[in-house]
Amino acid sequence: MVAMIGALAVGVMIGYAGLLPGFVLARIDTLISLTLGLLLFAVGVELGLDRQVMKSLLTLRGKILFLPVGVALGSMAAASIVGLALGQTWNEGAAVGAGFGWYSLSGIMIANLHSTELGTLSFLANVMREVLAILILPWVHRFWGDFAAVAPAGATAMDVCLPLIVELAGEEIGLIAFTSGLVLTFMVPILVPLLL
């Protein structure tokens, strides 16, 4: 965990100082996608090797949907309250929360459907959700347990936060986290337009 926070801090400092050459910066999205793909491949292989994890997941059946639905409702309710405190309507706040950490899609969708200002707020809020999730997951897991460790990640439980969730809570929860993130990812393009 210390290594992950350290890597993030070093990356922020290098980015802020402008130390990367232009040709690297021009391909940073590709580099992120390739690295994330390799990371997810490694986690997938690890999960696939453990047959017991797959059997455990199958016994959960429909109950597995309670987690992403709870995360969705909690995220939108909290974002509605914060939105109202910031002078927005409840549905504008809920739409920002309905990004579930998928900042690249939700920010653009909200900018196109509503306004650039709300789209920018959505982008920043969902980026912060992902960063904060990485930072607080160890404490959430320690104090509230395995299933609670999936919630802060939102949609990123299926990609960016998945390796950390697997490291903290184990492979079975990792599979549940992937499923939760996948369900939340499918919800974003449905809920954001509905709320706006």
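The values are calculated or read from the model by the stated rules, or taken from the named source; none is laboratory data. Everything quoted here is computed from the prediction, not taken from an experiment. Cβ sites come from the backbone with ideal geometry, for glycine too, and all protein chains shown count toward neighbours.
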Worksheet item: How about the range 1-107: which helices (runs of 4 or more DSSP H) wholly inside it have at least 1 residues that are over 26 Å from residue 117 (Cβ atoms) and modelled with pLDDT of 75 or more?
Response: 2-17, 22-25, 28-49, 66-85
Fill in: Criterion violated by residue 127 - all others in (1) in contact with a Leu (Cβ under 8 Å, 6 or more places away or on another chain); (2) outside any loop (DSSP other than H, G, I, E, B); (3) of a type in the set (Val, Ile, Thr) satisfied
(1)
Item to complete: Could you grab me the full set of residues in the range 75-132 that are over 20 Å from residue 155 (Cα atoms) and of a type in the set (D, E, K, R)?
Response: 117
Fill in: Unique match (being more than 18 Å from residue 73 (Cβ to Cβ) and either at pLDDT 90 or above or in a helix (DSSP H, G or I) (or both)) among 138, 152
138
Response to the item:
By residue number, the members of the range 93-121 that are under 22 Å from residue 68 (Cα atoms) and surrounded by fewer than 19 Cβ atoms within 10 Å (Cβ to Cβ) are 104, 105
Worksheet item: Do we have any residue at all in the range 160-179 that's out of contact with any helix residue (DSSP H, G or I) (no Cβ under 7 Å at 6 or more places or on another chain) and either on the phi > 0 side of the Ramachandran plot or hydroxyl-bearing (Ser, Thr, Tyr) (or both)?
Response: yes
